[in-house]
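One structure, pasted below without further comment.
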Amino acid sequence: MHATPWAPEWLLWGWFGLTLLSVAYVAWDLFTSTPEMKVMKWGWVLVTLYTGPVGLLVYWFSCREPAPGTHEQFVAPLWKQAVGSTIHCAAGDATGIIVAAAITGYFGLSMGTDIWVEYAAGFVFGLFIFQALFMKDMMNMSYGQALRSSFLPEWMSMNAMMAGMLPTMVILMTRDMRAMEATSPWFWAAMSAATLVGVVVAYPINWWLVKHKLKHGMGTERALGKGGSPTAAEHGHAGMMMNGMPPATPAMGISAHAGHAMLSMRPTGDDHVPAGRKALVTLLSLLLLAASYYVAARFGDLSMRPGPPMHMPEMAMPGMTH
């Protein structure tokens with residue numbers, strides 16, 4: 001099987017250069033200007049590392065504070081909240097998938113085995129770290145409670161993320177098997193493309209999860225605190241709303257509407273969503289994953305392993321023996 005490059009190598013290195021500039025800008029802006037929650041700051045940095053200038057553009061239009069004191073109003077729309085949820089998902093799931101792909105490539109496992117190791121790693125990393133570990137602070141839960149609360153939403157989201165990444169990885173690696181080895185630039189190019197497709201596929205289900213308050217969306221330190229816990233200002237605002245008092249605008253610049261929007265976007269558990277509806281969406285995510293597996297098997301090679309192209313008779317030089 002011959003390697004068939006799907007992009008000139010100079011284009012890959014150009015993309016990597018733009019990616020480093022994009023990551024540097026996003027990290028600088030988040031940690032100096034934009035009051036996003038700490039977990040989301042790291043999520044944006046990781047996803048921009050995987051998606052390059054595209055991640056920067058998404059950040060610019062959905063999260064970057066356009067003017068001091070306006071972040072709460074800027075991120076309040078549902079579509080931006082869903083972007084935040086998708087970025088949070090991608091930061092955990094894609095990181096687990098990429099780490100697992102690098103390890104399985106080192107051990108020379110077949111792609112048919114790789115994909116399920118990567119799926120498990122993405123789900124474990126997303127659930128145990130990016131969801132439960134940080135959600136326990138946001139919801140004032142124990143770690144065990146956060147795991148139980150996060151399991152189903154993270155599973156749905158992971159299925160959609162993998163549904164985008166799986167066929168992209170397999171097809172690109174089938175075209176050029178160098179992309180199976182983490183020491184090759186083609187590996188990182190394939191992972192970048194796979195993450196981009198995964199984010200697009202995972203967005204609709206994250207929109208649904210945020211709309212029904214099964215996952216959190218975009219946050220802000222001023223309304224939710226650095227770890228996601230409600231601030232004193234948020235508690236005061238919620239208390240005034242419950243007592244029928246007109247809400248005051250906190251001194252730090254949070255509007256009453258934006259503060260209430262941030263509070264309403266926090267996950268509230270899944271008791272208000274009918275079990276049948278959750279089961280249907282879970283089934284749809286599994287069907288999406290199954291369809292992606294079919295595409296990968298149909299247009300890619302699940303039996304391939306890392307290493308040099310297969311030694312075929314027609315590739316041998318005349319007169320040479322092994």
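The values are calculated or read from the model by the stated rules, or taken from the named source; none is laboratory data. Keep in mind it's a predicted model, so treat the numbers as computed, not measured. Quick reminder, even Gly has a Cβ in these numbers, built from the backbone with ideal geometry, and neighbours come from all protein chains shown. These accessible areas exclude ligands, DNA and RNA; they are computed on the full protein's heavy atoms, side chains included. Shrake-Rupley method; radii C 1.70, N 1.55, O 1.52, S 1.80 Å.
Looking at Arg266, Arg277, can you tell me which residue is open to solvent by less than 50 Å² (accessible area, probe 1.4 Å), closer than 30 Å to His216 by Cα, among the charged types (D, E, K, R) and at pLDDT 50 or above? So that I can check it myself, show each step before the final result.
Numbers: Arg277 fails: open to solvent by less than 50 Å² (accessible area, probe 1.4 Å).
Matching residue, one of Arg266, Arg277: Arg266.
Hey, Thr104 hits all of (1) open to solvent by 10 Å² or more (accessible area, probe 1.4 Å); (2) farther than 22 Å from Gly55 by Cα; (3) polar (S, T, N, Q) but one; which does it fall short on?
It is condition (1) that Thr104 fails.
Could I ask something else about it? Of the residues in the range 10-20, how many are within 19 Å of Ala90 (Cβ to Cβ) and open to solvent by less than 20 Å² (accessible area, probe 1.4 Å)?
The total comes to 1.
Name the single residue that is least open to solvent (accessible area, probe 1.4 Å) among those in the range 112-149 being within 29 Å of Val295 (Cβ to Cβ) and of a type in the set (Ser, Thr, Tyr).
Tyr119
In the range 21-55, which residues are under 13 Å from Trp188 (Cα atoms) and open to solvent by 70 Å² or more (accessible area, probe 1.4 Å)?
Leu49
Next question, about the same structure. If only one of Ser285, Ser303, Ser292 is at pLDDT below 95 and either assigned to a helix (DSSP H, G or I) or not hydrophobic (A, V, I, L, M, F, W, C) (or both), which one is it?
Details: Ser285 fails: at pLDDT below 95; Ser292 fails: at pLDDT below 95.
None of the others qualify; the one that does is Ser303.
Just to verify a result, which residue in the range 207-225, among those that are out of contact with any Lys or Arg (no Cβ under 8 Å at 6 or more places or on another chain) and assigned to a helix (DSSP H, G or I), is surrounded by the fewest Cβ atoms within 10 Å (Cβ to Cβ)?
Here the answer is Lys211.
Could you list, in sequence order, the residues of the range 5-34 that are in a helix (DSSP H, G or I), in contact (Cβ under 8 Å) with a residue 24 or more places away in the chain and β-branched (Val, Ile, Thr)?
Thr19, Val23, Val26
Which numbered condition in (1) under 25 Å from Glu221 (Cβ atoms); (2) of a type in the set (A, V, I, L, M); (3) surrounded by fewer than 20 Cβ atoms within 10 Å (Cβ to Cβ) is the only one that Ala7 fails?
Of (1) under 25 Å from Glu221 (Cβ atoms); (2) of a type in the set (A, V, I, L, M); (3) surrounded by fewer than 20 Cβ atoms within 10 Å (Cβ to Cβ), only one is false for Ala7: (1).
Does Phe74 satisfy the criteria of being at pLDDT 90 or above, hydrophobic (A, V, I, L, M, F, W, C), farther than 23 Å from Met304 by Cβ and touching a Lys or Arg at 6+ places or on another chain (Cβ under 8 Å)? It would help to see each step written out before you state the result.
Values: at pLDDT 90 or above: yes; hydrophobic (A, V, I, L, M, F, W, C): yes; farther than 23 Å from Met304 by Cβ: yes; touching a Lys or Arg at 6+ places or on another chain (Cβ under 8 Å): yes.
In short, yes.
Select from the range 106-119 the residues that are touching a residue at least 12 places away in the same chain (Cβ under 8 Å), under 18 Å from Pro167 (Cβ atoms) and in a helix (DSSP H, G or I) and list them in ascending order.
Just the residues of the range 106-119 that are touching a residue at least 12 places away in the same chain (Cβ under 8 Å), to begin with: 106, 108-112, 114-115, 117-119.
Next, from what is left, pick out any that are under 18 Å from Pro167 (Cβ atoms): 110-112, 114-115, 117-119.
Met111, Gly112, Asp114, Ile115, Val117, Glu118, Tyr119 - these are the residues of the range 106-119 that are touching a residue at least 12 places away in the same chain (Cβ under 8 Å), under 18 Å from Pro167 (Cβ atoms) and in a helix (DSSP H, G or I).
Something else now. I need the full set of residues from the range 35-68 which are under 20 Å from Glu221 (Cα atoms), part of a loop (DSSP other than H, G, I, E, B) and in contact with a Ser or Thr (Cβ under 9 Å, 6 or more places away or on another chain), in order please.
Pro35, Glu36, Met37, Cys63, Arg64, Glu65, Pro68
Of a type in the set (Lys, Arg), at pLDDT 90 or above and over 19 Å from the mean Cα position of the chain (by Cα), is that true of Arg148?
Values: of a type in the set (Lys, Arg): yes; at pLDDT 90 or above: no; over 19 Å from the mean Cα position of the chain (by Cα): yes.
Considered against the rule, which asks whether it is of a type in the set (Lys, Arg), at pLDDT 90 or above and over 19 Å from the mean Cα position of the chain (by Cα), Arg148 comes out as no.
Given (1) among the hydroxyl-bearing types (Ser, Thr, Tyr); (2) surrounded by fewer than 23 Cβ atoms within 10 Å (Cβ to Cβ); (3) at pLDDT 90 or above, identify the lone condition not met by Tyr59.
Only one criterion in (1) among the hydroxyl-bearing types (Ser, Thr, Tyr); (2) surrounded by fewer than 23 Cβ atoms within 10 Å (Cβ to Cβ); (3) at pLDDT 90 or above is unmet by Tyr59, namely (2).
Can you tell me which residue in the range 150-206 is most open to solvent (accessible area, probe 1.4 Å), limited to those that are in contact (Cβ under 8 Å) with a residue 40 or more places away in the chain and outside any helix (DSSP H, G or I)?
If we take residues in the range 150-206 being in contact (Cβ under 8 Å) with a residue 40 or more places away in the chain and outside any helix (DSSP H, G or I), then Glu181 is most open to solvent (accessible area, probe 1.4 Å).
Residue under question is Phe74, and the condition is that it be in contact (Cβ under 8 Å) with a residue 12 or more places away in the chain, of a type in the set (Phe, Trp, Tyr) and either part of a helix (DSSP H, G or I) or open to solvent by 10 Å² or more (accessible area, probe 1.4 Å) (or both); does it hold?
On the way: in contact (Cβ under 8 Å) with a residue 12 or more places away in the chain: no; of a type in the set (Phe, Trp, Tyr): yes; either part of a helix (DSSP H, G or I) or open to solvent by 10 Å² or more (accessible area, probe 1.4 Å) (or both): yes.
The answer is no for Phe74.
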